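Below is one structure, written out as structure tokens; comments come after it.
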Amino acid sequence: MIDIEGLGTGPDATILTIAAQSFDLFGTGHYDRCYYARITLESQPNRTIQQDTIDWWATQPEAQTEAFMEEGRVDLDQALDSLYKLAWQHKFIWANGPTYDMNILEHAYKSYGKSLPWQFYNVRDARTIYSLWPELPKPPTSHHALEDCRRQIDMLQATLRHLNVKEIK
């Protein structure tokens, strides 16, 4: 499962944080293999920041603390390499919708001339799976990318169990 937090909604949005969490689709919980990084803004001079997204972040005081913390930031180039090392090991890459996280990351990889660590046809949309169980309990989104990965995994696994799905091809 991949989740990012950013400063815009287009493919060239500036990235604040990147997270990825390994998990067993038909199990419960997640594995120890994960990745989380806060990204330096200076390493993204050609990426965009949208004012409406800045305004939205201003309404998220708890989420701001982690997403905007300066300590421990890494350059986007380095973060993409680290994400690659985890993501390439998995056939399917899940995200909460196909048009935000994956588009932004794909644009970033291409901007650096890097190969994607996934095949485009193996990207899966967790939000569509959740919609198959309208009564799914949905804990609030924290906007901490790694916590949100884990929340999304829990909801995905619960939905698949509820629907008695045993295999995805």
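The values are calculated or read from the model by the stated rules, or taken from the named source; none is laboratory data. Just so we're clear, the structure is a prediction, and the values are computed from it rather than from any experiment. In this analysis, Cβ positions are derived from the backbone assuming ideal geometry, glycine residues included, and neighbour counts consider all displayed protein chains.
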Which members of segment 33-72 meet the condition of being over 17 Å from the mean Cα position of the chain (by Cα), under 26 Å from Leu86 (Cα atoms) and among the charged types (D, E, K, R)? Glu42, Arg47, Glu70, Glu71
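Results for (1) of a type in the set (S, T, N, Q); (2) touching a Lys or Arg at 6+ places or on another chain (Cβ under 7 Å); (3) within 18 Å of Tyr35 (Cβ to Cβ), shown as yes or no for each residue.
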| site | (1), (2), (3) |
| --- | --- |
| Ala79 | no, no, yes |
| Gln89 | yes, no, yes |
| Asn96 | yes, yes, yes |
| Lys114 | no, no, yes |
| Tyr130 | no, no, no |
| Cys149 | no, no, yes |
| Leu156 | no, no, no |
| Val165 | no, no, no |
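Return yes when Gly8 is touching a helix residue (DSSP H, G or I) at 6+ places or on another chain (Cβ under 7 Å), over 20 Å from Arg150 (Cβ atoms) and assigned to a loop (DSSP other than H, G, I, E, B) and no when it is not. Before the answer, list the steps.
Numbers: touching a helix residue (DSSP H, G or I) at 6+ places or on another chain (Cβ under 7 Å): yes; over 20 Å from Arg150 (Cβ atoms): yes; assigned to a loop (DSSP other than H, G, I, E, B): yes.
Criteria met by Gly8.
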Could you list all residues from segment 33-71 that are in contact with a Leu (Cβ under 7 Å, 6 or more places away or on another chain), surrounded by 13 or more Cβ atoms within 10 Å (Cβ to Cβ) and assigned to a helix (DSSP H, G or I)? Thr53, Ala67
Residue that is farthest from Thr53 (Cα to Cα), among those in segment 125-152 that are surrounded by 14 or more Cβ atoms within 10 Å (Cβ to Cβ) and in contact with a Leu (Cβ under 9 Å, 6 or more places away or on another chain): Trp133
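Residue-wise test of (1) under 30 Å from Thr159 (Cβ atoms); (2) of a type in the set (Lys, Arg); (3) touching a Phe, Trp or Tyr at 6+ places or on another chain (Cβ under 7 Å); (4) at pLDDT 95 or above.
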site	(1), (2), (3), (4)
Pro11	yes, no, no, yes
Thr14	no, no, no, yes
Ser22	yes, no, yes, yes
Tyr35	yes, no, no, yes
Leu41	no, no, no, yes
Asn46	no, no, no, yes
Asp52	no, no, no, yes
Glu62	yes, no, no, no
